[in-house]
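The values are calculated or read from the model by the stated rules, or taken from the named source; none is laboratory data. Keep in mind that what you see is a predicted model, and the values were worked out from it rather than measured. Positions of Cβ are generated from backbone atoms using ideal geometry, with glycine treated the same way; all protein chains shown enter the neighbour counts. The protein model used for the area step is the full one, side chains on, heavy atoms only, and it has no ligands, DNA or RNA in it. Shrake-Rupley method; radii C 1.70, N 1.55, O 1.52, S 1.80 Å.
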Amino acid sequence: MKHVHLLFVLLVTVTYLYRVYLAERQPEKLQQKWLKLGPHVLAGTLLLTGIVLTVQGDWFTIAYGWIVAKLVLMLAFIALGLRTMKTQGKPRWQAFAASLLVLWLIVRIAIA
């Protein structure tokens, strides 16, 4: 299950980067149905695999506060991703940079 979860982390990250590229260079392409629905399916599956890993690892005790930290950071990543996609110019790039920082923090917590 860990490898499936990591695959979805990679897919969510790559599709996010691709959508940011399209938002900047070819925003009309973001109207395609698969680009609207796909990220939600991937993020939902990522969350589901994370929940399964948490249950399998019996990590629901207070000693595993890093799970809560990752969840809070994931919510921040989603909010920053929305801001990235909905704004233009400097605010878009600030939100994008912040979202990459949050993503990096999530990875660092996962590794530690």
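Of note:
- The residues Phe96, Phe77, sorted by heavy-atom accessible surface at 1.4 Å with ligands and nucleic acids left out, run Phe96, Phe77 from largest to smallest.
- Kirkwood hydrodynamic radius (C-alpha pairs) into Stokes-Einstein, the chain, 20 °C and 1.002 mPa s, D in µm²/s: 144
- Stretching Ala97 away from Ala69 to a fully extended chain increases their span by 8.1 nm, per 0.36 nm per residue minus the current alpha-carbon distance.
- Virtual spin-label span in nm between Val4 and His40, 7 Å along Cα→Cβ: 2.3
- FRET efficiency, 1/(1 + (r/R0)^6) with R0 35 Å, evaluated for Ala79 and Val52 via beta carbons: 0.90
- Accessible surface computed residue by residue for the chain, with neighbouring protein chains in place and a 1.4 Å probe, gives 68 Å² per residue.
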